Structure formats: structure tokens, C-alpha cells
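*Asks:* Sharing a structure here in C-alpha cells format.
The values are calculated or read from the model by the stated rules, or taken from the named source; none is laboratory data. It should be emphasised that the depicted structure is a prediction, and the values quoted were computed from it without experimental measurement. Every residue, glycine as well, gets a Cβ built from its backbone with ideal geometry; the counts of neighbours run over all protein chains shown. Just so you know, the surface numbers come from the protein's heavy atoms only, side chains and all, with ligands and any DNA or RNA stripped out. Shrake-Rupley method; radii C 1.70, N 1.55, O 1.52, S 1.80 Å.
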Amino acid sequence: WRNKKMKKLIFILALIILTFSINSRVLATEQQSEVIIFEGKTYHFPYLHPLQPYLEKLEIKPEFRIEPEVITSGNWRGYMATWEISENKLYLKDIESYIGDKKITIHDISDEFKKKSEKIFAYWYSGPIFIGDNDPMFIFGCTTRIDILNGIVEKITKVDEKMIQEWFQNKDKKQNNP
């Protein structure tokens, strides 16, 4: 009788461990990608959000929503930005979002942006942007990496899937081991 209970307990523990060992990315809701215009073509680029470093520095952070009073698991940040690379600079060109029930423009994000022209130079962003001609919601298989430093294009590199996976693995290691 005792062996049956022990076997049942081990079986239940094994099921629990198996359940929690499944990769969380597989179970997560795919996030809506951002859009970038580069060399006259429009691309989607998921997983990287160049506006986030700027928003993190604001004292009062806007509460963005894709629709008025709606939160969606497909876009936790609450907005979809359109970016443009022009004259070797990264610009925020448009944003689709609401704050409360008001549809906003890029000029509503902060007081600093109210005084700017129709597109805003993204001086705050340093990091890569990956683009490609394949599935717009899936970064692996992208063909181009654009390295940005303080809003200025530093380097454009043709890449393959392995290079992108290595970049994300290194990024995850840095975040988990500060």
C-alpha cells in the first residue's frame, strides 16, 4: 500500500515538474510588432521597442492602450510605433495608441515632443533593430541587423538566424546576471 502511494506521489511531482519546464515563450501571447521604414520599404520588427528607454526615464509614464479602456495580451506596452531610418538617423514617425479615451499622436507622449516637428529623432535609443523579408512576426530568419547608437545608424550587417539567436541569448544572460 505504501509503495502505491509513493509511486503516485512521484508521478504527480513528475507531472508538475514537466508542466513548469515547458518553455514560457511557447506559451506566451505573441506581441504585436513595431513597424520601421528602411530604404523605402516597410518592415515589422518584433521583440525590440525603441521607445521603451525613453518612457522609462519619464517621471509620469503615459498609460497607453491600443483601444480606449482596453488592455490586450497581444500588446502589453499599449501602443504600436512606426519608425523611420532616414539620413542615417532613427526617427519616431507615428504611434497608434490611446491615453484614456483620447487617440494620441507622437506629440502627446511627453512635453519634450510637443515642440518637435512631424517626426522625432530617437536620440535615446542605442541597440540593434532586426529586419527581414520573411514572416513579420518572427524575428529568426531576418536578413539585416541595423546597429543604432544614440539614434544614429552605426552599422548595417547582413545576418543569419544563428547570429540573431546568439544576440538574444547574450541579452537574456546580461538581464539575468547584472
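*Asks:* Every residue in the range 118-146 that is open to solvent by less than 30 Å² (accessible area, probe 1.4 Å), modelled with pLDDT of 80 or more and of a type outside the set (F, W, Y), please.
*Replies:* Within the range 118-146, I120, A122, G127, P128, I129, I131, T144, I146 qualify.
*Asks:* What's the total number of residues in the range 75-117 that are hydrophobic (A, V, I, L, M, F, W, C) and either in a strand (DSSP E or B) or open to solvent by 60 Å² or more (accessible area, probe 1.4 Å) (or both)?
*Replies:* 9
*Asks:* Of the residues E67, E63, E59, E39, which single one is modelled with pLDDT of 70 or more, surrounded by fewer than 15 Cβ atoms within 10 Å (Cβ to Cβ) and more than 23 Å from Y125 (Cβ to Cβ)? Lay out the reasoning, then the answer.
*Replies:* Working: E63 fails: more than 23 Å from Y125 (Cβ to Cβ); E59 fails: more than 23 Å from Y125 (Cβ to Cβ); E39 fails: more than 23 Å from Y125 (Cβ to Cβ).
From the options E67, E63, E59, E39, the qualifying one is E67.
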